[in-house]
Amino acid sequence: MDPQNKKEPRFHGEVSEKSHKNMSRIRGKDTSIELALRKALWEKGYRFRKNYKGLPGSPDIALTKYKIAIFCDSEFFHGKDWDSLKEKLQKGKNPGYWISKIQRNMERDLEKDQMLRFVGWTVIHFWGKDILNNPDECVEIIEETIFDLKMSEIEDDGEHGLYC
């Protein structure tokens, strides 16, 4: 195996058998938040790729037509309100494991966002509760992003002297 293509170890320390069993049941694909956003997008007529492996980080939803990568992030595993969450974790069971795990998740999120932007994609992250509480508002944000991308294309064409 090529050392540069090594996968990062997914183990951050010791966990109890009960924790291991519970965590093994957590889905990585087709979560309720992904399904809710995909349903809302589909109903609005948007077509997309799900868990698109052709891009860094395999975005949960990829609008290939517009080069928009969308991630549906759970608040816990992606560190929403990190300072207060970290404080709670320090008081709980196995703080070293959880803090390390979530910090690495947040670092990985930044890394994949940078890679996607480097190859010309727009990246959008939504928190799970925002999707579940108001999927239509999330779709509006996506539509505003599409509008902004189209407007910047028009402005770019104008700078190069293209006329119709």
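The values are calculated or read from the model by the stated rules, or taken from the named source; none is laboratory data. Every value quoted in this text rests on a predicted model; they were computed, and no experiment measured them. Because the Cβ atoms are built from the backbone with ideal geometry, glycine has one as well, and the counts that use them run over all protein chains shown. Accessible surface areas use protein heavy atoms only, side chains included; no ligands, DNA or RNA. Shrake-Rupley method; radii C 1.70, N 1.55, O 1.52, S 1.80 Å.
Of note:
- Each residue of the range 119-136 is assigned a 3J(HN,Hα), and the resulting list reads 8, x, 9, 8, 10, 10, 10, 10, 7, x, 5, 5, 5, 5, 6, 7, x, 5 Hz, derived from the Karplus form 6.51 cos²θ - 1.76 cosθ + 1.60 (θ = phi - 60°), x at Gly and Pro.
- A protection proxy built from the mean count of other Cβ atoms within 10 Å ranks the segments 103-112, 72-81, most packed first, as 72-81, 103-112.
- Of all accessible heavy-atom area on the range 85-164, the percent that carbon and sulfur account for (1.4 Å): 53
- Inter-label distance for R104 and M151, nm, one decimal - labels placed 7 Å from Cα along Cα-to-Cβ: 4.2
- Solvent-accessible surface of the range 71-121, taken per residue with a 1.4 Å probe and all protein chains present: 61 Å².
- Coarse-grained scattering of the range 44-93 at q = 0.17, 0.25 Å⁻¹, given as base-10 log I(q)/I(0) from a Debye sum over alpha-carbon atoms: -0.62, -0.87
- Sorting the segments 30-38, 45-53 by their mean number of nearby beta carbons within 10 angstrom, highest to lowest, gives 30-38, 45-53.
- Tail weight of P(r) past 23 Å, computed on alpha-carbon pairs of the range 31-115, percent: 36
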